[in-house]
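K.L.:
Below is one structure. I have some questions about it.
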Amino acid sequence: MRFIGWFALSLIATTSPAFAQKAAPADIAAIKTCLKAAGEKASFGGECIGIVADPCIKVAAPSDDGGSTKVKACAARELAAWSPLLDDALKRIAKGGFSDITKAVTAAQKTWAASRDQLCPVFDKIEPGIYLGGTAYCRLQETARRVLSLDKLGDAVNEH
């Protein structure tokens, strides 16, 4: 049962369009380093969201006719780095051995993914200067925050 739960969680995580772009190992390492430092300060890790995309966006936006193509690529690049971290968090939760928690997270992942996939395209319909990166940046934000929450749950179910 534990494998089936992990498999379902993993399947939901990997159906994201972020997997269209392969994560750069350096980007994943930068996020993990930031998250480790945040953990040492007892921080949730929100300061780590955007550490790859934001510097890229600052360079890309002025030269990208309103910031669409290159800016979206910057956001997609960081989203690709958070996606395997989401998969890792889901694996840790399943490893905790609490079938009721794994079942609840599996159900929650389905509704979370549907919510993200309905919400984020809305940002492509507003003025690009308001929310640079549109759908891609929204997906980055939503996915990264999900990773942070699921990491905390993974820590809790694997304490002992």
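The values are calculated or read from the model by the stated rules, or taken from the named source; none is laboratory data. These figures come from a predicted structure and were not determined experimentally. Positions of Cβ are backbone-derived with ideal geometry, glycine not excepted, and every protein chain shown enters the neighbour counts.
K.L.:
Out of everything in the range 84-127 that is polar (S, T, N, Q) and out of contact with any helix residue (DSSP H, G or I) (no Cβ under 9 Å at 6 or more places or on another chain), what residue ends up being farthest from residue 153 (Cα to Cα)?
P.N.:
So the first thing to find is which residues in the range 84-127 are polar (S, T, N, Q), and the list is 99, 102, 106, 109, 111, 115, 118.
Still in the running and out of contact with any helix residue (DSSP H, G or I) (no Cβ under 9 Å at 6 or more places or on another chain): 111, 118.
Working: 111: 18, 118: 25 Å.
It comes out as 118.
K.L.:
Turning to a different aspect of this structure: Output the residue which, of all residues in the range 125-138 that are more than 18 Å from residue 81 (Cβ to Cβ) and touching a Phe, Trp or Tyr at 6+ places or on another chain (Cβ under 9 Å), is modelled with the highest pLDDT.
P.N.:
Restricting to residues being more than 18 Å from residue 81 (Cβ to Cβ) and touching a Phe, Trp or Tyr at 6+ places or on another chain (Cβ under 9 Å), the top hit is 134.
K.L.:
Pairs please, first residue from the range 76-99 and over 21 Å from residue 49 (Cβ atoms), second anywhere and not in a helix (DSSP H, G or I), Cβ atoms under 8 Å, 6+ apart in sequence or on different chains.
P.N.:
Pairs that qualify, where the first residue is over 21 Å from residue 49 (Cβ atoms) and the partner is not in a helix (DSSP H, G or I), are 95/158; 96/158; 99/1.
K.L.:
Here is a follow-up. Could you tell me whether any residue of the range 45-57 is part of a helix (DSSP H, G or I), touching a residue at least 24 places away in the same chain (Cβ under 8 Å) and surrounded by fewer than 15 Cβ atoms within 10 Å (Cβ to Cβ)? Walk me through how you get there before you give the answer.
P.N.:
First, the residues of the range 45-57 that are part of a helix (DSSP H, G or I): 46-48, 53-57.
Pick out the ones that are also touching a residue at least 24 places away in the same chain (Cβ under 8 Å) and you get 46, 48, 53, 57.
Keeping just the survivors that are surrounded by fewer than 15 Cβ atoms within 10 Å (Cβ to Cβ) gives 46.
Yes, the range 45-57 contains a residue that is part of a helix (DSSP H, G or I), touching a residue at least 24 places away in the same chain (Cβ under 8 Å) and surrounded by fewer than 15 Cβ atoms within 10 Å (Cβ to Cβ).
K.L.:
Of all the residues that make up the range 100-134, how many are touching a residue at least 40 places away in the same chain (Cβ under 8 Å) and either small (Gly, Ala, Ser) or part of a helix (DSSP H, G or I) (or both)? Before the answer, list the steps.
P.N.:
Kept after step one, since they are touching a residue at least 40 places away in the same chain (Cβ under 8 Å), are these residues of the range 100-134: 101-103, 105-106, 109-110, 113, 128-129, 132-134.
Keeping just the survivors that are either small (Gly, Ala, Ser) or part of a helix (DSSP H, G or I) (or both) gives 101-103, 105-106, 109-110, 113, 129, 133-134.
Counting residues in the range 100-134 that are touching a residue at least 40 places away in the same chain (Cβ under 8 Å) and either small (Gly, Ala, Ser) or part of a helix (DSSP H, G or I) (or both) gives 11.
K.L.:
How many residues does the range 134-160 hold that are more than 14 Å from the chain's Cα centre (by Cα) and farther than 27 Å from residue 39 by Cβ?
P.N.:
The total comes to 1.
K.L.:
Residue 9 passes all but one of (1) buried (at least 18 other Cβ atoms within 10 Å of the Cβ); (2) at pLDDT 95 or above; (3) in a helix (DSSP H, G or I); which number fails?
P.N.:
With (1) buried (at least 18 other Cβ atoms within 10 Å of the Cβ); (2) at pLDDT 95 or above; (3) in a helix (DSSP H, G or I) applied to residue 9, the lone miss is (2).
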